[in-house]
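The values are calculated or read from the model by the stated rules, or taken from the named source; none is laboratory data. Not measured: the values here are computed from a predicted model. Note: ideal-geometry Cβ built from the backbone for every residue, glycine included; neighbour counts use all protein chains shown. When the accessible area is computed, the model is the full protein with side chains, heavy atoms only, and any ligands, DNA or RNA have been set aside. Shrake-Rupley method; radii C 1.70, N 1.55, O 1.52, S 1.80 Å.
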Amino acid sequence: MKTYGRRVQAGKKAIFVPGNNSRRDADVLVCVEHHRYTRYRSIFDNSYYTGICFWTADNEKTINFPKLHMENCTTKHQATTNRFKPSVRVIKNMRNAMINAHYIADGVAPSYFLEGMFWNVPTQNFSWTYQQTVENCLAWLDSCDPTQLACANDLHWLIRDGANVCWNMADFHKTMAALRLYWNTSGR
């Protein structure tokens, strides 16, 4: 309180620290390092992925791998001739417009899952125009088996009911239907 003021607020996952004249607003996630072992023969002979673990305000444990997620998205971006990240931005902007136009409710399509959804789309679907890329990606997602989609960290499934690090199937289908409807009927 002495350093950051009385406006510091604990949220469900993070702590909001308000900015001042020399500091921006920040969401601070209190977490610990997590290891997902792929091999453990001894303390000197092991292999693992490094991630984070945190607990929500209602004591729900969450494990994630943000550095691996970021590395995989950067690799995808480079493999798509720098089309991945702008295409994800297009989808996130569409999501925001769809919320404002009441196509979907806020919270149905979190950014993390939209990015993961596009991360699964094969590289050849990222075209030279964003319009064609979005159409290609939506067509591929319409025809894929959503139970086989992985998060961008490639360690969690993207869609699984009842798992706190996964998107639920109903929200995935709502999002896809809203994206299709918005894409086909908006004055884009």
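Some notes on this structure:
- Across the stretch 28-45, computed HN-Hα scalar couplings (Karplus, 6.51 cos²θ - 1.76 cosθ + 1.60, θ = phi - 60°) run 10, 9, 8, 8, 10, 5, 10, 10, 9, 6, 9, 7, 8, 9, 6, 4, 9, 10 Hz from first to last residue, x flagging Gly and Pro.
- Loop GluC sites (Glu not before Pro), the stretch 12-110, which have at most 13 other Cβ atoms in a 10 Å radius of their Cβ (DSSP): E60
- Protein heavy-atom accessible surface, 1.4 Å probe, per residue over the stretch 77-187: 47 Å².
- Pairwise FRET efficiency - A139 versus N82, Cβ, R0 = 30 Å, nearest 0.05: 0.90
- Candidates per chymotrypsin sites (Phe, Trp or Tyr not before Pro) in the stretch 69-132, loop by DSSP, up to 12 other Cβ within 10 Å: W128
- Accessible-area ranking of R83, R160, R89, R7, largest first, probe 1.4 Å: R7, R89, R160, R83
- Label-point separation in nm, K61 to T123, each point 7 Å along Cα→Cβ: 3.7 nm
- Theoretical FRET efficiency, 1/(1+(r/R0)^6), r = Cβ-Cβ of H102 and N168, R0 25 Å, to 0.05: 0.75
- Whole-percent carbon and sulfur share, accessible surface of the stretch 1-90, 1.4 Å: 51 percent
- Computed about the Cα centre, the dipole magnitude for the stretch 1-71 is approximately 220 debye when only Lys and Arg (+1) and Asp and Glu (-1) carry charge, each at its Cβ.
- From phi via Karplus (6.51, -1.76, 1.60), per-residue ³J(HN,Hα) for the stretch 117-127 in Hz, x at Gly/Pro: 4, 6, 4, 6, 5, x, 3, 5, 7, 8, 8
- Look at the alpha carbon pairs under 8 Å that are at least 6 residues apart: their mean separation over the length of the chain gives a relative contact order of 14 percent.
- Separation of alpha-carbon centers, the stretch 1-75 and the stretch 131-176, rounded to whole Å: 24 Å
- Backbone phi angles across the stretch 4-11, fed through the Karplus curve with coefficients 6.51, -1.76 and 1.60 (θ = phi - 60°), yield HN-Hα couplings of 10, x, 7, 7, 4, 9, 7, x Hz in residue order; Gly and Pro are listed as x.
- Total charge dipole magnitude, the stretch 1-122, about the Cα centre, Cβ charges on Lys, Arg, Asp, Glu only, Debye to nearest 20: 260 debye
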